[in-house]
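So the structure is just underneath, and the comments pick up after that.
Computed from the coordinates by the stated procedures, all read-outs in this text should not be read as laboratory data. Note that the structure is predicted; figures quoted are calculated from it, not measured. Virtual Cβ from ideal backbone geometry, glycine too; neighbours counted across all protein chains shown.
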Amino acid sequence: MSPPDNSLPTPNVDATATAIQTTGLTKRFGERAAIDSVDLQVPRASAFGFLGPNGAGKTTMIRMLLGLTHSSAGSMSVLGHPVPSERALALARVGAIVEEPRFHPQLTGRENLRIIAAARGPETHDRIAPALRRVGLSERADEKVKKYSLGMRQRLGVARCLLADPLLLILDEPTNGLDPGGIQEFREMIRDMVEQEGRTIFISSHLLDEVEKICDHAAIVDRGKILMQGAISELAEGGARHELIVSVDDPVRALEVLEISAQVAQAQRSDEGLRVTFSDLADISAAEQAASVNAALVAAGLAVSRLEPVRQSLEKRFLEVTSRLSDSTIEEVTA
Amino acid sequence: MNATIAAQMTGADILKLRKKRGILTWSLVLALGPILIYFVAAVIEHATNPGKYGPAGGAQNFSDGLRVIALFFGPLAALLIGVEAGTGDASAGVFRDLVVTGRSRLALFATRVPAALAVTFLMMIGAYALLLVGTFAFAANLPTPGGSLILNGLGFTLLATGMLCTVAVGFASLTTSKPAAIIALIAWQIVASPLLASIKGLGSTREGLLSQATAHFSPVHVGEGGHGATVTLSSGTAVVVLLAWVVVFLALGAWRTRTMDA
């Protein structure tokens with residue numbers, strides 16, 4: 001005998017499938033492509049940043065993934081289920097905040113969650129209290145939402161997502177309106193969800209620092225196109241030459257030693273010490289290059305007190321790739 | 001979607017309507033206010049000039065009061081509730097969050113109708129109870145309506161208000177704009193519909209008017225003019241007209257809910 005149909009369909013979760021996969025996904029508004037042939041892979045159990053400037057197409061992408069609007073071309077799957085053909089299965093274990101979280105202002109926080117729980121299924125009601133506790137709203141849950149600050153509404157939005165016991169959370173600019181303490185708590189909650197609970201978090205944001213601090217993987221999007229995607233560390237370095245800060249007892253002598261090294265493209269004095277930029281040698285790792293420099297300096301009789309790789313920031317990389325797009329666009333227009 | 005889920009979703013929609021104080025207050029004013037005013041005025045008239053004005057209660061005043069709540073003010077109250085049910089989620093920006101649950105859009109639309117009807121019927125039962133209290137309390141030596149007329153009157157009140165409430169849910173879901181839906185439906189109900197009904201040149205076309213088909217089922221006399229029936233039509237035609245109004249507007253509302261960007 002089959003069990004009673006008392007909830008949304010239970011997804012047959014394929015743990016090996018990517019959380020989100022799109023192929024050639026396109027959304028056109030008239031002639032303008034808001035999303036232009038996007039191929040995206042979001043790995044499971046990771047925090048994935050969907051990074052782009054305002055108007056890049058981030059929200060449009062999320063709306064398509066959630067079946068809120070139709071795509072013009074291409075295909076997509078969420079938790080292994082094609083959307084929109086298996087939308088109910090795909091979304092059964094998805095929680096989402098699209099743009100700013102909205103609620104019925106005349107209802108309390110708890111009542112707003114009851115509205116969503118009613119649509120999700122009877123078992124969801126038991127998750128209301130834990131979800132409110134999780135986001136720190138238990139004590140204010142019986143106040144009307146119209147009295148909530150933006151930060152409280154953001155937290156209630158996350159609680160609403162948790163009602164699905166989500167395998168995938170899709171959050172659109174989630175830290176908008178949060179104070180610094182709230183942002184810190186939010187980061188910790190997201191990292192807990194990924195590391196302790198194995199959930200996948202898809203965060204769209206234009207805040208580079210936020211994505212860099214929260215996410216393991218990211219895609220950079222601009223004007224509807226994915227410019228690059230991968231692990232945050234790869235994206236930040238992404239073809240940039242390795243750099244090293246070096247402190248020695250005799251900087252002048254050290255510069256002489258470094259200038260004749262084949263691996264060193266440039267060495268110069270900076271406030272922090274000597275800043276060494278390596279040659280673009282793809283087959284040699286940053287660690288190997290640093291060890292080589294250290295060996296050369298020590299062999300020259302210098303005392304090395306600091307040898308620190310310069311961490312490439314995602315912000316720098318983001319500005320590089322988005323300006324690269326602008327340049328190419330300008331070139332196309334000029335041509 | 002099984003009965004449990006449907007009941008829970010309808011309960012959630014009732015909760016939304018119940019907590020919408022502004023709409024609820026205006027609907028209550030429209031449903032109860034006119035009857036209250038009617039009896040207060042009639043009592044004062046009778047008290048000040050009993051020779052000219054009879055007691056405020058009794059069968060005749062019941063008939064007049066029934067027309068007031070079933071054909072005029074009651075439908076306006078039902079209309080407000082129906083529009084709120086049809087547009088509440090979209091205007092609060094919550095519709096997309098309901099869609100994200102994976103629940104079918106048709107199910108989200110469908111549960112609005114019983115919720116709106118439940119609130120409307122509760123309110124109209126209250127108004128009808130007030131009418132009965134006034135009818136019997138102020139009847140003095142006048143005859144009072146019998147059990148059959150009382151039941152038929154209640155059925156007619158629920159039919160008239162339920163029809164407009166259902167149409168309002170569908171129409172509001174189609175427009176997704178609360179102000180536009182309220183203005184259009186009120187204009188139709190109190191201006192366009194009576195006007196069209198009074199144009200004799202339209203002939204049998206007027207049988208298609210919701211107000212005329214509804215008035216056909218009135219248990220009390222509904223005369224010429226005002227908001228009463230001006231067209232004579234068969235019971236079969238009246239039923240078909242009522243069903244057509246409900247089916248068309250529900251279909252339009254469901255189509256819009258299913259296809260719109262959330």
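Assorted remarks:
- In degrees, nearest ten, helix A:180-195 long axis to first principal axis of chain A (Cα): 90
- Cα centroid separation - region B:1-77 against region B:155-219, whole Å: 18
- GNM top mover of B:Asn152, B:Asn49, B:Asn61 - chain B, alpha-carbon springs below 10 Å: B:Asn49
- Here B:Phe62, B:Phe136 are placed in order of increasing Cβ neighbour count within 10 Å, fewest first, which gives B:Phe136, B:Phe62.
- Values of log10 I(q)/I(0) for region B:129-260 across q = 0.09, 0.16, 0.18, 0.19 Å⁻¹ run -0.33, -0.91, -1.06, -1.12, by the Debye formula with one identical scatterer at each alpha carbon and no solvent.
- The label point for B:Ala180 and the one for A:Lys147, both projected 7 Å from the Cα toward the Cβ, are 3.6 nm apart.
- Under the convention that each Lys and Arg Cβ holds +1 and each Asp and Glu Cβ holds -1, the size of the dipole of region B:1-94 around its Cα centre is about 160 debye.
- For the protein assembly as shown, the Stokes-Einstein estimate of translational diffusion at 10 °C and a viscosity of 1.306 mPa s comes to 55 µm²/s, using the Kirkwood hydrodynamic radius over alpha-carbon pairs.
- Normalised contact order of region A:20-236, rounded percent, pairs of Cα under 8 Å and 6 or more residues apart: 30
- Using C-alpha pairs under 8 Å with a sequence gap of at least 6, the mean separation divided by the residue count of region B:1-151 gives a relative contact order of 40 percent.
- Folded to 0 to 90 degrees: helix A:314-334 orientation relative to chain A principal axis, Cα: 90
- Efficiency of FRET between A:Glu100 and B:Ala137 - r from beta-carbon atoms, R0 45 angstrom, step 0.05: 0.25
- Selection from A:Thr124, A:Leu208, A:Val94 lying farthest towards where the dipole of region A:20-236 points positive, charges on Cβ: A:Thr124
- DSSP beta bridges in chain A [antiparallel fraction, %, rounded to 5]: 65
- The angle between the Cα long axis of helix A:286-299 and the main principal axis of chain A comes to about 30°, on a 0 to 90 degree scale.
- In this structure, the amide hydrogen of A:Ile203, modeled 1.01 Å from its nitrogen in the peptide plane, lies closer than 5 angstrom to those of A:Phe48, A:Gly49, A:Phe50, A:Leu171, counting only residues at least 5 positions away or on a different chain.
- If R0 is taken as 35 Å, the Cβ-Cβ distance between B:Ile125 and B:Ser235 corresponds to a FRET efficiency of 0.90.
- The Stokes-Einstein estimate for region A:241-309, based on a Kirkwood radius over Cα pairs and taken at 4 °C with 1.567 mPa s viscosity, is a diffusion coefficient of 111 µm²/s.
- Additional length obtainable on full extension of the chain from A:Glu197 to A:Glu315, 0.36 nm per residue less Cα span: 39.6 nm
- Residue-averaged 222 nm ellipticity for chain B, from DSSP H runs of 4+ at -39500 (n - 2.57), nearest 500: -23500 deg cm²/dmol
- Expressed as a fraction of 2.2 N^0.38 Å, the C-alpha radius of gyration for region B:83-134 is 1.55.
- Ranked list, fewest to most other Cβ atoms within 10 Å of each Cβ, for B:His216, A:His104, A:His206, B:His221: B:His221, A:His206, B:His216, A:His104
- Ordering A:Leu163, A:Pro53, A:Gly177 by Cα displacement along the dipole of chain A toward the positive end leaves A:Leu163 in first place; charges were set at the Cβ atoms of Lys, Arg (+1) and Asp, Glu (-1).
- Extreme residue, positive dipole direction of the protein assembly as shown, given options B:Thr10, A:Ile245, B:Gly126 (C-beta unit charges): B:Gly126
- Cα centroid of region A:33-60 to Cα centroid of region A:219-234, whole Å: 8
- With distances taken between every two different alpha-carbon atoms, region B:8-187 has a Kirkwood hydrodynamic radius of 17.2 Å.
- Proximal lysine pairs, chain A, alpha carbons under 25 Å, eight or more residues apart or interchain: 8
- Modelled label positions at B:Val191 and A:Ile284, each set 7 Å beyond Cα in the direction of Cβ, lie 8.5 nm from each other.
- Amide H contacts under 5 Å for A:Val38: A:Gly24, A:Leu25, A:Thr26, restricted to partners 5 or more places along the chain or on a different chain, H placed in the peptide plane at 1.01 Å from N.
- Under the span-like rule (Cα at least 30 Å along the axis, Kyte-Doolittle mean at least 0.5), DSSP H helices of chain B: B:21-48, B:112-137, B:147-175, B:235-259
- About the centre of its Cα atoms, chain A shows a dipole size close to 1540 debye [charges on the beta carbon of Lys, Arg (+1) and Asp, Glu (-1) only; nearest 20 debye].
- Estimated inter-spin distance, B:Arg258 and A:Gln184, nm [label 7 Å along Cα→Cβ]: 5.2
- Among A:Ile183, A:Ile116, the order by Cβ neighbours within 10 angstrom, fewest to most, reads A:Ile183, A:Ile116.
- D_trans [Stokes-Einstein, Kirkwood Rh over alpha-carbon pairs] for chain A, 25 °C, 0.890 mPa s, µm² s⁻¹: 109
- Over chain A, DSSP H runs of length four or greater, each weighted -39,500 (n - 2.57), average out per residue to a 222 nm ellipticity of -10500 deg cm²/dmol.
- For region B:146-241, relative contact order (Cα pairs under 8 Å, six or more residues apart, normalised by length) works out to 27 percent.
- Once the chain from A:Asn176 to A:His70 is taken as fully extended at 0.36 nm per residue, the excess over their C-alpha distance is 35.5 nm.
- Relative to its Kirkwood radius, the Cα radius of gyration of region A:57-187 gives an Rg/Rh of 0.98.
- Charge tally in the Cβ shell below 9 Å around B:Leu24, where Lys, Arg are +1 and Asp, Glu are -1, B:Leu24 excluded: +3
- For the pair B:Val40 and B:Ala6, a Förster radius of 35 Å applied to the C-beta separation gives a FRET efficiency near 0.25, rounded to the nearest 0.05.
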